[in-house]
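What follows is calculated from the coordinates using simple rules that are stated; it is not laboratory data. Keep in mind that what you see is a predicted model, and the values were worked out from it rather than measured. Cβ sites come from the backbone with ideal geometry, for glycine too, and all protein chains shown count toward neighbours.
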Amino acid sequence: MTSLRIDGLTVTYANRPVLNELNLHIPSGAFATVLGPSGCGKTTLLRAIAGFISPFSGTIRFGDQLVSVSSIVVPPERRKVGYVAQEGALFPHLTVAQNIAFGVSSKGDKQEIVDELLVLIGLSKLANRLPNELSGGQQTRVALARALAPEPKVMLLDEPFSALDAALRDDLRAEVSSLLKLRDTTTLMVTHDREEALVVADLVALMRHGQIVQTGSPVEVYHQPVSPEVAISTGDVLLLDSQKDDLGKINSILTPQLLNKEIIAGKLVIRPEEIRINSDGLGVKATVIDLDYYGHDAVVHLDAGGSKINVRISGDLKFKVGDQVGLEHIGPIRWFPN
Amino acid sequence: MAGGIAVPRMLQISALFVLFLASIPLGYLLLRAIASGFAAASAVLLREKTVSTLITTVGLAILVALFSAMIGISSAWLIQRTNLPSPGLFLVLGTLALAVPSYVSTYAWIALIPSFAGFAAAVFILSLTTAPYVLLAALASLRRIDATQEESARASGLTASQVARRVIWPQSRPAIFASLLLVMLYVLSDFGAVSLLRVDTFTRVVHTMYKATFDRSAAAVVALILVLLAAILIYVEYKARGSAVAAKSGLGSIRSATRIDLGFKKYLAASYLLIIAIASLGVPIYVLITRFVSVAAEINVSNLVSATIATVSAALSGALLAMLFAIPLGILAARYSGRLSRYAEFGILLTHALPGVVIGLALVALGSRLGFLYQSLPLLAFSYAVLFLAKAVGSIRTSIARVPRVYDDISRSLGNNNWQTIRKITIPIAAPGVITGFLLVLLTAMKELPATLMLRPTGFDTLAIEIWTQTSISQYGQAAPYALILVLVAATPTYLLSRPDRAQSSESRENMTL
């Protein structure tokens with residue numbers, strides 16, 4: 001049981017900071033995800049935690065143990081981290097069992113540990129296969145078992161599911177996260193897939209330009225974004241031009257009202273599922289201009305007095321292009337000054 | 001390649017040490033040339049003989065490149081793109097020519113036609129010897145071009161010949177030009193064929209000067225002209241290779257184009273390839289076997305055995321030394337970028353530009369100053385190591401680059417330190433490629449002639465030396481058994497690498513000779 005604490009971490013690459021005074025705290029046993037666009041420094045963060053690269057400044061702590069300060073950098077082999085790379089990266093010259101046993105130092109329990117992990121990942125029958133004889137999902141499972149075998153203090157996952165096809169990815173993701181939570185392994189997974197980041201995490205950290213801009217539970221980061229940019233990174237949003245007066249009243253196309261003095265311009269952040277479409281025309285007048293039907297839900301594209309508004313609806317698709325409807329905002333008010 | 005990774009100290013030191021050792025031959029020649037003084041050096045440079053040698057050498061290189069291109073490109077096209085009967089057989093025949101050292105095929109033609117000599121004969125022999133390089137390069141680039149490209153071009157209204165000119169040729173050109181530069185480098189370095197045919201190129205002139213006079217400084221100056229020519233080729237080849245790689249697009253699986261139906265003419269095409277195969281392979285094999293049979297009764301088996309042992313022991317120690325030298329440079333090239341890596345690459349390229357006769361000249365002169373090394377096996381092994389360093393480094397770099405860095409990272413995270421990771425991960429994965437590279441260097445070293453001729457210990461007669469000596473004194477029958485053994489030894493891996501069912505990279509094929 002080890003917490004992970006990172007303070008003021010700066011990593012430079014060719015004299016440019018990739019990580020810039022980054023702070024992150026993951027409680028012991030938590031499954032945390034770092035969500036960010038490609039190039040924001042996610043993989044660099046994992047590599048610094050694993051000890052593959054030396055930071056320019058800042059500290060990394062595993063529980064009470066300081067593993068990285070500017071002067072002392074504990075080498076990766078003494079950190080006890082598990083690392084699962086993209087596409088698994090199994091050693092091609094070793095069998096499944098040999099891959100899993102690779103990091104186990106105690107001779108006595110080796111076989112026992114390997115057998116137990118093989119059962120856990122459901123691949124006992126494939127113990128003597130070579131990696132090139134496994135499917136993508138099986139390779140990811142073995143890579144996870146290999147990382148778990150030495151009982152790491154911290155588990156690091158670098159987009160481990162990105163190479164798998166969609167159906168397999170969902171199942172394996174659920175399987176892996178429940179397995180890691182069961183063992184109370186403190187886990188940090190980086191991903192650029194916003195669904196993936198939210199669905200398995202206890203804690204989501206949103207990363208931009210080498211910094212963590214918000215951390216919180218999946219619900220918190222989705223519903224209480226600290227900025228419009230952060231809101232975009234966790235899901236679809238409508239950004240509506242709006243104004244706020246000195247009494248706190250907000251005027252926008254969806255929340256039309258008369259304002260007092262001292263007006264500030266800003267953006268209203270609304271999720272597409274936070275708008276109700278009234279067939280009877282109650283609310284802001286709008287016209288249906290297009291429909292995207294996904295099966296489990298649908299997105300209705302509307303025109304409200306020149307503004308394009310998308311609304312996600314579930315259940316039956318009751319509208320058709322050209323319908324005159326009314327729109328009603330039913331979610332929380334999230335307003336950010338420009 | 002990550003920029004910020006520091007090169008371990010041990011690696012730095014050993015790489016610098018190897019680069020120092022590898023620069024000894026060239027450095028010594030430069031010192032000798034400088035010591036002779038500017039006036040003496042320019043006197044050598046401006047001699048009529050030097051100028052005529054330059055014309056002969058450059059002319060030979062250009063003509064051979066021309067003919068080699070004609071043979072190589074036409075063979076590749078016929079083999080890959082037409083309904084030629086048994087294309088696999090012609091591919092094997094075309095590449096097996098690599099196994100016959102130029103001095104062996106020259107010997108065979110001289111044994112067949114005693115008046116066979118001169119410039120035209122050298123063009124003939126060297127074109128046949130080097131055509132496989134162009135064949136393999138052209139074949140590889142033809143295979144790389146996806147059929148859909150040609151189909152789209154045809155669909156947009158181009159004729160077959162327009163497709164060849166506007167789609168296929170522009171994509172094959174960089175690889176073919178690179179192979180032609182290798183061909184010219186081969187011609188510059190070749191010693192055996194031109195010497196037996198009495199054509200005065202730089203290699204033969206350097207050797208003659210070394211034999212005839214004790215004025216090693218003049219020989220050094222002439223040798224340096226040769227190095228300069230080779231360095232120019234290496235430089236151009238290096239630049240061309242860069243653009244050849246860039247021209248490759250990241251295609252997934254490639255569908256090969258449909259073969260053109262030649263109709264009745266396919267038998268003409270087959271006869272053309274057959275004639276080439278007879279000239280490059282048939283004649284040498286016929287001569288070797290008939291001559292061998294004619295002298296079978298009087299073969300001195302113990303001489304044969306001792307020559308084979310000498311060949312193997314010299315080549316083995318040279319190849320081992322070459323691989324040992326190549327380890328730090330190969331790791332550096334595969335795993336680190338930065339100034340030292342660039343210096344290392346430059347140094348390796350420069351050794352590639354040193355023909356055997358030049359290394360031989362430098363080391364024989366140096367050896368005569370250091371008495372204990374003069375005509376010793378270690379010095380001969382050292383010459384092989386420098387001569388084949390580029391090839392050894394190439395194989396090690398390719399093999400190590402095949403081990404992705406992420407394996408190192410994961411091994412480290414699983415509790416192994418740097419050395420344990422090298423032992424458990426890098427070496428096992430890289431080993432097959434390194435061993436193949438070692439075998440190729442070994443085989444090439446077994447065929448080496450000029451450096452062996454100049455540096456071997458007295459009485460140390462390898463197969464190559466025996467063939468050379470017997471042919472020089474017109475004892476064609478006596479040379480046959482030695483040549484036969486040499487060709488058999490060299491042909492096996494060439495055959496294995498050229499088999500169409502083997503998915504071998506063209507790089508490992510290119511590593512075969514030179």
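Inside 10 Å of the C-beta atoms of B:402-410, what's the mean count of C-beta atoms belonging to other chains?
6
When 1/r is averaged over all different Cα pairs and the result inverted, which Kirkwood radius in Å belongs to region A:240-324?
14.0 Å
Considering only the protein assembly as shown, what is the antiparallel percent among its DSSP beta bridges, to the nearest 5?
Of those bridges, close to 75 percent are antiparallel.
Kirkwood hydrodynamic radius, region B:392-476, all distinct C-alpha pairs: what's the number in Å?
One over the average 1/r among Cα pairs gives 16.0 Å for region B:392-476.
Please state the shape class of region A:180-338: rounded when a/c is under 1.5, otherwise prolate if a/b exceeds b/c and oblate if not, all from the C-alpha gyration tensor.
oblate
For Cα pairs less than 8 Å apart in space and 6+ apart in sequence, what is the mean separation divided by the residue count of chain B, i.e. the relative contact order in percent?
23 percent
Report Rg (one decimal) and Dmax (nearest whole number) for region A:1-132, counting Cα atoms only, units Å.
Cα radius of gyration and Dmax of region A:1-132 are 17.3, 50 Å respectively.
So what's the gap between the Cα centers of region A:49-122 and region B:7-53, to the nearest angstrom?
Here the answer is 50 Å between Cα centres.
Taking each residue in A:98-109, count the Cβ atoms of any other chain within 10 Å of its Cβ, then average. What number comes out?
Mean inter-chain Cβ contacts per residue within 10 Å come to 2.
Given a 10 angstrom Cα cut-off, can you work out which residue in A:Glu116, A:Glu328, A:Glu262 is the most mobile in a GNM of chain A?
A:Glu262
Once the Cβ-Cβ distance between A:Ser227 and A:Gln111 is put in as r, and R0 is 41 Å, what FRET efficiency do you end up with, to the nearest 0.05?
0.20
Out of every Cα pair in region A:119-223, what percent are spaced more than 23 Å from each other?
31 percent
In square nanometres and to one decimal, what's the mean projected area of the convex hull around the Cα atoms of the protein assembly as shown?
Quarter of the Cα hull surface area: 49.7 nm².
If you place +1 on the Cβ of every Lys and Arg and -1 on the Cβ of every Asp and Glu, how big does the dipole about the Cα centre of chain A come out, in debye to the nearest 20?
Here chain A has a charge dipole of around 840 debye.
So for B:Trp419, B:Trp169, fewest C-beta neighbours within 10 Å to most, what's the order?
The order, fewest Cβ neighbours first, is B:Trp419, B:Trp169.
Arrange A:Phe56, B:Phe124, B:Phe346 by Cβ neighbour counts within 10 Å, fewest through most, would you?
The most exposed by this proxy come first: B:Phe346, A:Phe56, B:Phe124.
Amide H to amide H, which residues 5 or more places from A:Lys285 or on other chains are under 5 Å from it, using H placed in the peptide plane?
HN-HN under 5 Å from A:Lys285: A:Leu327.
Based on the alpha carbons, how large is the Rg to Rh ratio for chain B when Rh follows Kirkwood?
Computed over Cα atoms, the ratio is 0.98.
Of the peptides A:294-300, A:135-141, how do they stack up when ordered by the mean number of other Cβ atoms within 10 Å, highest first?
With the highest mean Cβ count within 10 Å placed first, the list reads A:135-141, A:294-300.
What ranking do A:96-108, A:198-210 get when scored by the average of other Cβ atoms within 10 Å per residue, highest first?
A:198-210, A:96-108
Roughly what percent of Cα-Cα pairs across region B:130-208 reach past 18 Å?
More than 18 Å apart: 56 percent of the Cα pairs in region B:130-208.
Rounded to the nearest whole Å³, what is the per residue volume of the convex hull around the Cα atoms of region A:96-181?
That works out to 94 Å³ per residue.
Project the alpha carbons of chain A onto their principal axes and report the range along each, largest first, in whole Å.
76, 47, 33
So what are the radius of gyration and Dmax for the Cα set of region B:322-461, in Å?
17.8, 57
So which helices of chain B fit the span-like rule, where a helix is a whole DSSP H run, its Cα atoms reach 24 Å or more along the axis, and its mean Kyte-Doolittle is at least 1.0?
Flagged H segments are B:48-81, B:119-144, B:169-189, B:216-247, B:301-335, B:427-447, B:476-498.
Kindly provide the helix-only [θ] at 222 nm of chain B, computed as the sum of -39,500 (n - 2.57) over DSSP H runs of four or more divided by all residues, to the nearest 500 deg cm²/dmol?
Mean residue ellipticity at 222 nm (helix-derived): -24500 deg cm²/dmol.
Can you tell me the mean projection area, over all orientations, of the convex hull of region B:1-152's alpha carbons? Units nm², please.
So the Cα hull casts an average projection of 17.6 nm².
What's the Cα-based Rg to Rh of region A:45-194, Rh via Kirkwood?
0.97
What does the highest-first list of B:292-300, A:13-21, A:187-195 look like by mean Cβ count within 10 Å?
Result, highest mean Cβ count within 10 Å first: A:187-195, A:13-21, B:292-300.
Hey, how many Å between the Cα centroid of region B:110-178 and the Cα centroid of region B:216-239?
27 Å
What's the average, rounded to a whole number, of partner chain beta-carbon atoms within 10 Å of each residue's beta-carbon in A:75-82?
Mean shielding count: 5.
Tell me, what HN-Hα J-couplings in whole Hz come from the Karplus equation 6.51 cos²θ - 1.76 cosθ + 1.60 at θ = phi - 60° for each residue of region A:301-312, using x for Gly and Pro?
9, 10, 10, 10, x, x, 8, 7, 10, 9, 10, 9
For the pairs A:Lys107/B:Lys424; A:Lys285/A:Lys318; A:Lys267/A:Lys320; A:Lys267/A:Lys318, flag any whose C-alpha to C-alpha distance is greater than 21 Å.
A:Lys267/A:Lys320; A:Lys267/A:Lys318
Would you mind checking the tilt of helix A:136-148 against the longest principal axis of the Cα atoms of chain A, expressed as 0 to 90 degrees and rounded to 10?
60 degrees
Which three numbers, in whole Å and largest first, are the semi-axes of the equivalent ellipsoid of region A:280-338 derived from its Cα gyration tensor as √(5λ)?
Computed over region A:280-338, the values are 20, 15, 11 Å.
Arrange the following residues from fewest to most other Cβ atoms within 10 Å of their Cβ: B:Trp109, A:Trp335.
A:Trp335, B:Trp109
At q = 0.25 Å⁻¹, work out log10 I(q)/I(0) for region B:1-85 with the Debye formula, treating every Cα as an identical point scatterer and leaving solvent out; two decimals please.
So the normalised log intensities are -1.17.
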